[in-house]
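No value in this document is a laboratory result; all are computed from the given coordinates. Computed from a prediction, not measured in an experiment: that's the story for all the values here. Here the Cβ positions follow ideal geometry from the backbone for every residue, glycine too, while neighbour counts run over all protein chains shown.
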Amino acid sequence: MTDDQKFLAVLRQSADPDTVDAMETLIRAAPDRELNRINALAFAARTGLDEDRVIGAFLHAARLGLFEMSWNVLCPGCGGVLESGLSLKSVNQSEYSCALCAAGYEPTLDEMVEVTFTVSPRVRKIAAHDPDTLPMHEYVRQIFWSSGIDLPDDYERRLDEIVLDAVELPAGERAILSLQLPAQFVIVFDPVTHAAQFIDVKGEPTRERQNLTLVLNESHPQNDALVMQPGPLRITLENRTNRRVLPAVWVAGDELHHMLERRRPFLTAKRLLTNQTFRDLYRTDTLDIDQRLKITSLTFLFTDLKGSTELYERVGDLVAYDLVREHFRVLHEIVAAEAGAVVKTIGDAVMATFPTPDHAISAALRMRDAMRSLNEERGSEDLLLKIGIHEGPCLAVTLNDRQDYFGQTVNIASRVQGLAVSRAIFATDAVVENPQASQIIQLQGLQPTLQKTALRGINDEFLVYEIP
């Protein structure tokens, strides 16, 4: 039995079998480029499989060694990969700059960090395992651009129309490109070092040869834009890095912009951090102790059991412990089923996160129904759940050796839960007025009641809905 057969046999014990079958077909038959930086959401759409099951299967497969997981910092403008690492710990800069877009960005886990999967060389050797062997077209496709760029079927032809000239330049060597500058904005760009030189080509055409010298090194500073005339240009390129570079002259016109506009959803770091399978498999190796990574929007759900102290006194420690444990099991299952993750339990309380408010609302309604069913089975009202929900920005951090969250959004969600009474769900206006969440509430025939309230320790007055 080969390594991949062994891995797949073990994977079938923990992951969705249909997804594993689709993975096996991919590994066996797909061209090399489809096995590099796999977009899990695009894979799910192409195979007609459930996204969360696909994500879970890839996570289990990465843990086994079938795939290598990478965390890629993306440029929001051009979709280029600005940096790539094997863990979220590699995202350690306060700002990332894109030379191609001449812009800097503060990294956010829900907009700028994607998670992709590449087949392990133990399972199948592909060209991208040695990216310096890739020709320019494939290097740009597989290494520079992210999995969120939906490149057209005629990608190579289109890139040939965008690129006026290019050269493969080994370490330490020089080359000269001679070309005619069109009356368009032009960028001399190297996707390996990310060095860029902008040339604003305008004015009367000239027959006199213009000259430009560029030195490529690891620092790749952003150069000021040059103004040149349409006509002949000789570019002298010098590679002072220790690897091959691929400088090319790009026309920054409509063809390039149209290609970069083709975007598709990708697996964000935010979605992965709020995935229960990820938290279960990678709980101790996510962030460094001093990392503080920004998330622009995350939904927090807090629960607590009402009267748990009285419950222990009424039914005894052993029965109460079994009841509380069953309540935790049910809540964990519901959170995971709604694309969320349990961050921690505190006594009889649960803190969970969801990528969007609608998933949190759906989970809260299911939790309430589940507690009602458990109580009906016992013929008592022992399990009375108080639920609070809020959505907003936060920081992903490490607290007490565990990936956690910090910020006012977390504090508000906890305080909102403190307003709740048994069976009522309390949620802020940011949650209830979310269009998808509002639709779920309406389909349940529920009428949320709006109230203004002050939250303990929070200065601002808040709009909070009670969902009966």
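How fast does the range 38-107 diffuse by Stokes-Einstein, in µm²/s, taking the Kirkwood radius from C-alpha pairs at 10 °C and 1.306 mPa s?
Result for D is 115 µm²/s.
Cut-off is 10 Å between beta-carbons; in what order do D224, D190 appear when sorted fewest neighbours first?
D224, D190
Of all DSSP beta bridges in the chain, what percent run antiparallel (nearest 5)?
In the chain, DSSP labels about 85 percent of beta bridges as antiparallel.
What is the list of residues in the range 78-115 whose amide nitrogen lies under 17 Å from a point 7 angstrom out from the Cα of I289, following Cα to Cβ?
Correct set: 89.
Listing S438, S70 from the residue with the fewest other Cβ atoms within 10 Å to the one with the most, what is the order?
S438, S70
Rounded to the nearest 0.05, what FRET efficiency is calculated for R122 and D401 with R0 set to 30 Å and r the Cβ-Cβ distance?
So the FRET efficiency works out to roughly 0.45.
For I176 and H129, calculate 0.36 nm times their separation in residues minus their Cα-Cα distance, and state this gained length in nm to one decimal.
My answer for the length gained is 14.0 nm.
Hey, which of these cross-link pairs are over 22 Å Cα-Cα: K89/K270; K89/K125; K386/K452; K89/K294?
Violating the 22 Å Cα-Cα cut-off are K89/K125.
Just to verify a number: FRET efficiency for L226 and Q447, C-beta to C-beta distance, R0 = 51 Å, to 0.05?
Efficiency, rounded to the nearest 0.05: 0.20.
State the antiparallel share, in %, of DSSP beta bridges confined to the range 158-260, rounding to the nearest 5.
Here the share of antiparallel DSSP bridges comes out near 70 percent.
Ignoring the sites themselves, what is the longest stretch of the chain with no GluC sites (Glu not before Pro) in a DSSP loop and at most 16 other beta-carbon atoms within 10 Å?
Of all site-free stretches, the longest is 262-380.
Scan the chain and note any complete DSSP helix (H) whose C-alpha atoms cover at least 15 Å along its axis and whose Kyte-Doolittle average is -1.0 or more.
The qualifying helices are 17-29, 51-64, 317-337, 357-378, 408-419.
May I ask you to derive the FRET efficiency for R456 and D160 from their Cβ-Cβ distance with R0 = 60 Å, giving the value to the nearest 0.05?
0.40
What is the fewest-to-most order of M112, M228 by other Cβ atoms lying within 10 Å of their Cβ?
Ordered by Cβ neighbours within 10 Å, fewest first: M228, M112.
Please compute the length gained on full extension between N375 and L86, using 0.36 nm multiplied by the number of residues separating them and subtracting their Cα-Cα distance.
99.4 nm
With a sphere of radius 12 Å drawn around the Cβ of E161, what net charge do the other residues whose Cβ falls strictly inside it have (Lys, Arg +1; Asp, Glu -1)?
Computed value for this residue: -3.
Label points 7 Å out from Cα along the Cβ direction at R262 and L463: separation in nm?
4.2
With n ≥ 4 as the cut-off for DSSP H runs, can you work out [θ] at 222 nm for the chain, using -39500 (n - 2.57) per run divided by the number of residues, rounded to the nearest 500?
So the calculated ellipticity at 222 nm is -9500 deg cm²/dmol.
Provide the descending list of Cα extents for the range 84-139 along its principal axes, expressed in whole angstroms.
Per principal axis, max minus min of the Cα coordinates gives 36, 25, 16 Å.
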